[in-house]
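J.: Before anything else, here's the structure in question.
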There are 2 protein chains.
Amino acid sequence: MNFSQRALNMQESPIRKLIPYAENAKKNGKKVYHLNIGQPDLETPKEFYDYIESNRQKVISYSHSAGLPELREAFADYYKRWNMGFEYEDIMITTGGSEAIIFALSAIADPGDEIIVIEPFYANYRGFAEMLNLKLKAVRALPENGYALPSKEEFEKVYSEKTRAVIFSNPSNPTGAVYTSEEVKRIVDFAEEKDIFVISDEVYKEFTFDGRKHVSVMEFEPKERFIVVDSISKRYSACGARIGVFATKNKKLFAQAMKFAQSRLCSPVVAQLGTVGLLKNLDEKYTEEMKNIYQQRRDAVYEELSKIEGISFKKPQGSFYVSVELPVDDSEEFVKFLLNDFDIDGETAMVAPLNGFYATEGSGKKEIRIAYVLEPQAIKKACRIIKEGIKAYNEK
Amino acid sequence: MNFSQRALNMQESPIRKLIPYAENAKKNGKKVYHLNIGQPDLETPKEFYDYIESNRQKVISYSHSAGLPELREAFADYYKRWNMGFEYEDIMITTGGSEAIIFALSAIADPGDEIIVIEPFYANYRGFAEMLNLKLKAVRALPENGYALPSKEEFEKVYSEKTRAVIFSNPSNPTGAVYTSEEVKRIVDFAEEKDIFVISDEVYKEFTFDGRKHVSVMEFEPKERFIVVDSISKRYSACGARIGVFATKNKKLFAQAMKFAQSRLCSPVVAQLGTVGLLKNLDEKYTEEMKNIYQQRRDAVYEELSKIEGISFKKPQGSFYVSVELPVDDSEEFVKFLLNDFDIDGETAMVAPLNGFYATEGSGKKEIRIAYVLEPQAIKKACRIIKEGIKAYNEK
């Protein structure tokens, strides 16, 4: 009665594993600013619940395994506004972006196959790869370059006959980098040369700052090579809804992914309904407002972090994360220190150590990820706590 | 740019793959009685939507990866009524029973490992096994025995060093068999002897007929060996909600499964809320009513099927399915025939060919599964269509 190697190999979520320390800090009366998880504090638009309430189904039946027709249509309209060219039949509704990634990987890679990631990367890519017995091969982006895309040579170094795809998020979780057209093209050209798939996680595409434009992989050719992963979690502050999208113009690939979709029957239908309400009743004005809110928060986090001596990072351009290298020996120990042994007037801050966002053992040891999901004043306070905390930690 | 073997190996859902034939029949003006899929026509209790509406969350946040505390508590109370002994911390809320099975298999088996199934079995077990590169080894239950549990010797024959678990549904989908205490014990004893896990899919436990009692695997020892898979889909006619449960008293196993749960963040929160409403506000009276409705339908299907000459089956005892062997050469061809070439007064019936519910190639060729999810009059009509259809098919 043994556990599987795939389970034993799996790390605990780097975003969640230190939560007991935060709970303990709260028990001891401290206030904790949570910048460790991408859970926005913004209200979910009431259009979500309103649509559910006014469209109660007598029988909450299975939907089509690819999703409710009205939701697939609503997403097709949405993607047309972004010139991504997805039609109804290219769109599969999934249980969060997570499931879209699992379907993509399942459809194109077998145990022992390799997937190229750009590290630091969204930590759960690793969990999905472990579950499916895939190996992540990492090219490394550097804090001092603002985590810009590594060169083609770096990709060449990790490529092998077993490589099946490149997966990346743009705008990036955890770094906040937004790739230029040239950078996205570098990935596409590499995939073309090697004849592998590109899985483009564009969940944060609305959140690009300072007038910078999101570049979708769908601006390139040949479209058959691309899988776009999407989610409403951040865009509409509806993380718990668990509605995502797997989208591809590659009809044969879509058919393969549909087999996995059919085996789990369908994605959550009530939340699918709510999402129809969001997509039909909210337009670019809503997401523009959201973007402005996050840009203000980005400004707040940038202003305060810039005051920390010895920090290495560049101004983040999108998503609602920033990764930074701190002048500490071990960022995980530093996070524990902030929660256990430090406070300013009874307040402390929690961030995510970045080691869990790397595939390469021992990397990211001085880095952290900050999710700027609170109001600017709270963010500023939290950053000041980090600043003073570094001094105290290093004097210890 | 190839697809994975795990995808290519996967069969299309036997429950859904013939749907285009049904759509075509409808296009040609036929009415189709759908007995092919376990989608009840009964209304979802309004307590589901009422609870969601009166508990609107300002921010639909991620829940704990194991589920909302109030839902885990409500399930703990529910399992206490069934004397299953699960406490709050043994219960993980999943996205349907499907995800509970995926977590169970992921946590205990690696690629190439084997899982024993009792065929015919719930077809999607095969899909999950393909996704995770596991092999199903089947012991065979026979229609002429009412699909009773095969002997211990049969289990011995398929056991190998690579066997990690037995998975079975009780009451059975697709056969309608309900295992006696002796039968469940036979599985438990075998697992004990071989030191493997037991995954007990008890989704239909409320639906046992003629006074027969459901026997949970949790009545046996040692409890650390057992994983119970559950779902609200059928119990509350809420298939689209996608709320299931992974439950085990084995704390180490629970911790392993939690890693997979964390990587997908959480199960759908709005439906979790609705399920709190169901569990808190409906008691045994509700499920008793549901059971009686299905028993009446079972009586209807049994009465009409008994009139078919050459049919092989026994009176089903639970769930809302019955599998039968028909006097036809190929049940899949027969189902297509009913949809394409047969009707009585413009009406025809759709059922699921049973070949897709077998792991052993070429098996189940004469069998079908009937889901008695319609009203008794509709079921009777559909059975008469099958009866006359057999004559017409064999005269063809």
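J.: Could you list, in sequence order, the residues of segment A:174-222 that are in contact with a strand residue (DSSP E or B) (Cβ under 7 Å, 6 or more places away or on another chain), hydrophobic (A, V, I, L, M, F, W, C) and under 21 Å from residue A:234 (Cβ atoms)?
T.: Across segment A:174-222, the qualifying residues are A:178, A:199, A:203, A:207, A:209, A:217, A:218.
J.: Return the only residue of B:66, B:100 being in a helix (DSSP H, G or I) and in contact (Cβ under 8 Å) with a residue 12 or more places away in the chain.
T.: B:100
J.: Any residue at all in segment A:217-239 that's among the polar types (S, T, N, Q), over 23 Å from residue A:325 (Cβ atoms) and not in a strand (DSSP E or B)? Walk me through it before giving the result.
T.: Of segment A:217-239, the ones among the polar types (S, T, N, Q) are A:231, A:233, A:237.
Now restrict to residues that are over 23 Å from residue A:325 (Cβ atoms): A:231, A:233, A:237.
Next, from what is left, pick out any that are not in a strand (DSSP E or B): A:233, A:237.
Yes.
J.: When the residues of segment A:64-95 are filtered to those that are surrounded by fewer than 23 Cβ atoms within 10 Å (Cβ to Cβ) and hydroxyl-bearing (Ser, Thr, Tyr), which remaining residue is farthest from the other protein chains (Cβ to nearest Cβ)?
T.: Checking each candidate, the answer is A:79.
J.: Look at residue A:129 and say whether it is crowded, with 24+ Cβ neighbours inside 10 Å, modelled with pLDDT of 95 or more, within 20 Å of the chain's Cα centre (by Cα) and closer than 27 Å to residue A:6 by Cα. Spell out the reasoning first.
T.: Details: crowded, with 24+ Cβ neighbours inside 10 Å: yes; modelled with pLDDT of 95 or more: yes; within 20 Å of the chain's Cα centre (by Cα): yes; closer than 27 Å to residue A:6 by Cα: yes.
Here the answer is yes, as residue A:129 does meet what is asked.
J.: State yes or no: is residue A:233 at pLDDT 95 or above and away from chain B (no Cβ under 14 Å)? First the steps, then the outcome.
T.: Numbers: at pLDDT 95 or above: yes; away from chain B (no Cβ under 14 Å): no.
Spelling it out, it is not the case that residue A:233 is at pLDDT 95 or above and away from chain B (no Cβ under 14 Å).
J.: Moving on to the next point. Is there a residue being over 30 Å from residue B:269 (Cα atoms) and buried (at least 20 other Cβ atoms within 10 Å of the Cβ) anywhere in segment B:9-16?
T.: Within segment B:9-16, one or more residues are over 30 Å from residue B:269 (Cα atoms) and buried (at least 20 other Cβ atoms within 10 Å of the Cβ).
J.: Given the criteria assigned to a loop (DSSP other than H, G, I, E, B), within 14 Å of chain A (Cβ to nearest Cβ) and buried (at least 24 other Cβ atoms within 10 Å of the Cβ), does residue B:60 qualify?
T.: yes
J.: Do you know which residues across segment B:154-195 are aliphatic (A, V, I, L, M), under 20 Å from residue B:229 (Cβ atoms) and in a helix (DSSP H, G or I)?
T.: Answer for segment B:154-195, where residues must be aliphatic (A, V, I, L, M), under 20 Å from residue B:229 (Cβ atoms) and in a helix (DSSP H, G or I): B:184, B:187, B:188, B:191.
J.: Let me ask another. Consider segment B:17-52. How many of its residues are part of a loop (DSSP other than H, G, I, E, B) and within 14 Å of chain A (Cβ to nearest Cβ)?
T.: In the first step, residues of segment B:17-52 are kept if they are part of a loop (DSSP other than H, G, I, E, B); the result is B:17-18, B:28-30, B:35-46.
With the extra rule that they be within 14 Å of chain A (Cβ to nearest Cβ), the set shrinks to B:17-18, B:36-46.
So the answer is 13.
J.: How many residues, within segment A:34-48, are surrounded by fewer than 21 Cβ atoms within 10 Å (Cβ to Cβ) and in contact with a Lys or Arg (Cβ under 7 Å, 6 or more places away or on another chain)?
T.: 1
J.: While we're looking at this one, here's another question. I need a count of the residues in segment A:1-16 that are in contact with a Phe, Trp or Tyr (Cβ under 8 Å, 6 or more places away or on another chain) and within 8 Å of chain B (Cβ to nearest Cβ).
T.: Residues that pass the stated criteria total 3.
J.: Another question, then. Would segment A:314-328 turn up any residue that is among the charged types (D, E, K, R), within 14 Å of another protein chain (Cβ to nearest Cβ) and touching a helix residue (DSSP H, G or I) at 6+ places or on another chain (Cβ under 8 Å)?
T.: no
J.: Right, next: Which of (1) in contact with a strand residue (DSSP E or B) (Cβ under 7 Å, 6 or more places away or on another chain); (2) over 27 Å from residue B:367 (Cα atoms) is the odd one out, the single condition residue B:155 does not satisfy?
T.: Looking at each condition in turn, residue B:155 falls short on (2).
The values are calculated or read from the model by the stated rules, or taken from the named source; none is laboratory data. These figures come from a predicted structure and were not determined experimentally. In this analysis, Cβ positions are derived from the backbone assuming ideal geometry, glycine residues included, and neighbour counts consider all displayed protein chains.
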